[in-house]
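Values in this text are rule-based calculations from the coordinates and carry no lab data. The shown structure was predicted, so the numbers you read here are calculated from the model rather than taken from an experiment. Don't worry about glycine lacking a Cβ; one is built from the backbone with ideal geometry, like all the others, and counts go over all protein chains shown.
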Ligand code: B16
Ligand code: MG
């Protein structure tokens, strides 16, 4: 009756979307078009390469491959300037309490994120050592909504997919969890994440006894 948990990073454990926004906006400024917070919503949970494509579409800009590579590097350098200033105070409300609860129950957890910067971000907020493993943008071939990231997570947990519970804030992530045959928990807007098996506005809303029903199955 063992279960395990897989956490998305951006939008679940920390809000790095605001730093992605600043870095992408800098690039859009340089290219001469407006990039808004509403545009940024389209990039949540999406890989870095795909994010650039979406951004260039918004600006109606065509670039040669070499230039794209250059911008991917400069955007990430810019983003890292914000990330390296992060600290534990940026952990989202309810996240540490939830991890404490899982520790108490003996339920293991891994990370399942699209971000290639995941280890650095977890280190900045002092959470790196708590995770049983990290599956991130460096370890997958196919981005969410492909289930690959979560299926590798299940392997790290040594559990069958149906014994895994995924916390996600992005539509593509919920789809990936559902396709992996896992329990999906949508964190954020219930209407947006209506494909999830369970919905909460944020991690503070998860009841302490939430995992009981999965343990007794
Ligand atoms: P990086 P998640 C995702 O993190 C972000 O939501 C998305 O906006 C970003 O483009 C992606 O990581 C890649 O991040 O540029 O750091 O590799 O939500 O999957 O934890
Ligand atoms: Mg996310």
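Observations on the structure shown:
- Helical runs (DSSP H, four residues minimum) scored at -39500 (n - 2.57) apiece and divided by the length of the chain put the mean residue ellipticity at 222 nm at -12500 deg cm²/dmol.
- Least to most buried among 210, 167, 35 (fewest other Cβ within 10 Å first): 210, 35, 167
- Extending 7 Å from Cα along the Cβ direction at residue 100 and again at residue 76 yields two label points whose distance is 3.6 nm.
- The ratio of the alpha-carbon radius of gyration of region 90-178 to the globular-protein estimate 2.2 N^0.38 Å is 1.04.
- The calculated FRET efficiency for residue 2 paired with residue 194, based on their beta-carbon distance and R0 = 22 Å, is about 0.15.
- Between the Cα long axis of helix 48-59 and the first principal axis of the chain there is an angle of about 50°, rounded to the nearest 10.
- Convex hull volume per residue in cubic angstrom - Cα atoms of the chain: 113 Å³
- Helix 95-105 vs. the chain, principal-axis angle (Cα, 0 to 90°, nearest 10): 30 degrees
- Relative packing of 59-65, 11-17, which averages over residues the other C-beta atoms within 10 Å, highest first: 11-17, 59-65
- Quotient of C-alpha Rg and 2.2 N^0.38 Å, computed over region 113-165: 1.15
- Between 0 and 90°, nearest 10: helix 17-31 axis offset from the chain longest Cα axis: 10 degrees
- Mean-position separation - Cα centroids, region 1-72 and region 92-117, in angstrom: 24 Å
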